[in-house]
Amino acid sequence: MLKVERISGGYGSTPIIQDVSFTVPKGKIVGILGPNGSGKSTLLKVISGVLPAMGGRVLIDDKAIGTYSTKELAKKMAVLPQLHANAFSNSVRDAVSLGRYPHQSSFFSSWSKQDEQAVQIAMQQTGVQHYEHDYLEYLSGGEQQRTFIAQALAQSASLLLLDEPTNHLDIAHQQQILDMIRKEALECELTVVSVFHDMNLAALYCDELLLMEKGQVKAFGKPHEVLLETQIADVYGARVATYAHPELPKPQVTQLPKLTQQNLFATVTLDHFKITDEYVQFQADAPLKVVSSAVYNAGMGWYTTFINRTVEPTYPIENVKEETRAFLASSEFVPTNTVMMLTAIAAQNVIIESYADGLVIVAVTAGIRNAVDATRTYEEEQLPHIGTINTWVIINGKLSDEAFYQAMITATEAKTKALAEENIRDARTGTIATGTSTDSLLIAATQMGEEMPYAGPITTVGKWIGRGVFESTTKAIVEYKKRG
């Protein structure tokens, strides 16, 4: 365990870091963040003893580092500095083997099987075993960095201090090194303190983060407690947004430019729609921010092309992802720029309406033959049928993330009201239907103008979404009834 208690220190008589305290239990990783000049590297040097502390103390396993001999401390603590001085020409193996020096009774006079095993494992873990006999000066910066990480690991210390360990590494080797360090922390109780420039990597791999500002601790805690938008903006002077990682309960940070790039946005109109025998197409002049439950590219993203494709009622839904991808490719749509839905309704039967002078545009295809009551579907297991009500709501405005999700609720409530008004019933239960088992909904916005924080039914945009979806869905249902 590492304890840092109110340490101050730096170069000369003026302390660069002041009154810094934190604790790292065994098997945990703490990341140090902060802008250039905030004292990150200096803090690491004072903790390691490279620079003397002007105040406070550093304890490893409840023992002050000053009470350890040089070799004893090296057995406890390994350090990977930010810069490496290669005064001698070493092979990779020789460089990694230097990590075993603290374990020798005299310089390499007692090389043991344990030493050899530690070196080989460290080279394997960092992926430098292929360069074992190559000299460092002939390696790339990333290969040299991995060699020095291997040297630190070969030291077999219980505490590892790293200063930007992913410097010079590509993303594959960043992941390899940090995954390996994370594994060592979990399985071998390795304690790690590391300086990071990349906040997202730090959030992913660290248990706690220490944010430095002008030599002092601005914040210390779990990643979601430290990586706050306002706090980052205050410390770094940068405009950012935070969001959840797609697979882990960790925050991620996106930098937001201060200069708005107006050419990335454009107003949409009814002229952006095209109807063919195969599909309804919406083609924007600039990407729209989209949230959808589409068959292809569901979720949130930026897209210029929306497709509502007509398929046969016997369409094989079990292969929908592969078939959809093949259709987009054969039709020369860009898969990464296209959202696609499926419907059994002919494309020509789409209802497209504009509301509030183009603030809201709604497009609906409604196939209600297989309408269901969502409150009763638990009573019977059945495969979903094609007969979908597909709804697009496109807004010439800027929505907050909250407004996107409120717009989805408003649109769904309006669709359900239309079904009730038209007395559409679940054929099995005889109760009022709420939709079909495969309904899809898309909310898109140009993201131009003042932000609309909400889109519930009491807001201006919400009122028009509610009216637009209700009327368009009602018209689509009426036309469906006429066709029999």
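Please go through (1) crowded, with 21+ Cβ neighbours inside 10 Å; (2) hydrophobic (A, V, I, L, M, F, W, C); (3) within 19 Å of LEU73 (Cβ to Cβ) for LEU98 and return the number of the only condition it doesn't satisfy. Failing condition for LEU98: (1). If you go through the stretch 216-237 and keep only what is assigned to a loop (DSSP other than H, G, I, E, B) and modelled with pLDDT of 95 or more, you end up with LYS222, LEU227, LEU228. LYS475: surrounded by fewer than 24 Cβ atoms within 10 Å (Cβ to Cβ), touching a residue at least 40 places away in the same chain (Cβ under 8 Å), among the charged types (D, E, K, R) and farther than 14 Å from ILE361 by Cα, yes or no? Taking the combined requirement at face value, the residue satisfies it. The residue that is nearest to VAL253 (Cα to Cα), among those in the stretch 21-54 that are among the small types (Gly, Ala, Ser) and not in a loop (DSSP other than H, G, I, E, B), is GLY31. Do you know which residues across the stretch 306-333 are in contact with a Ser or Thr (Cβ under 9 Å, 6 or more places away or on another chain), within 17 Å of LYS274 (Cα to Cα) and of a type outside the set (Phe, Trp, Tyr)? Across the stretch 306-333, the qualifying residues are ILE307, ASN308, ARG309, THR310, LEU328.
Go through (1) closer than 30 Å to ALA266 by Cα; (2) at pLDDT below 95 one by one and return the number of the condition ALA403 breaks. ALA403 satisfies all of (1) closer than 30 Å to ALA266 by Cα; (2) at pLDDT below 95 except (2). Restricting LEU162, LEU186 to residues that are in a helix (DSSP H, G or I) and either charged (D, E, K, R) or in contact (Cβ under 8 Å) with a residue 60 or more places away in the chain (or both) narrows the list to LEU186.
The condition (being in contact with a strand residue (DSSP E or B) (Cβ under 6 Å, 6 or more places away or on another chain) and on the phi < 0 side of the Ramachandran plot) is satisfied by just one residue among LEU43, LEU98: LEU43.
Restricting to the stretch 449-464, count the residues that are surrounded by fewer than 17 Cβ atoms within 10 Å (Cβ to Cβ) and out of contact with any helix residue (DSSP H, G or I) (no Cβ under 7 Å at 6 or more places or on another chain). Residues that pass the stated criteria total 5.
Scanning the stretch 333-352 for residues that are assigned to a loop (DSSP other than H, G, I, E, B) and under 25 Å from VAL469 (Cβ atoms) turns up ALA344, ILE345, ALA346, VAL350. Sub-6 Å Cβ pairs linking a first residue in the stretch 356-383 that is within 23 Å of PHE273 (Cβ to Cβ) to a second residue that is modelled with pLDDT under 95 and part of a loop (DSSP other than H, G, I, E, B), at least 6 apart or interchain, are THR365/ILE345; GLY367/ALA344; GLY367/ILE345; GLY367/GLY387; GLY367/THR388, ordered by first then second residue.
The values are calculated or read from the model by the stated rules, or taken from the named source; none is laboratory data. None of the values given here were measured: they were computed from a predicted structure. Don't worry about glycine lacking a Cβ; one is built from the backbone with ideal geometry, like all the others, and counts go over all protein chains shown.
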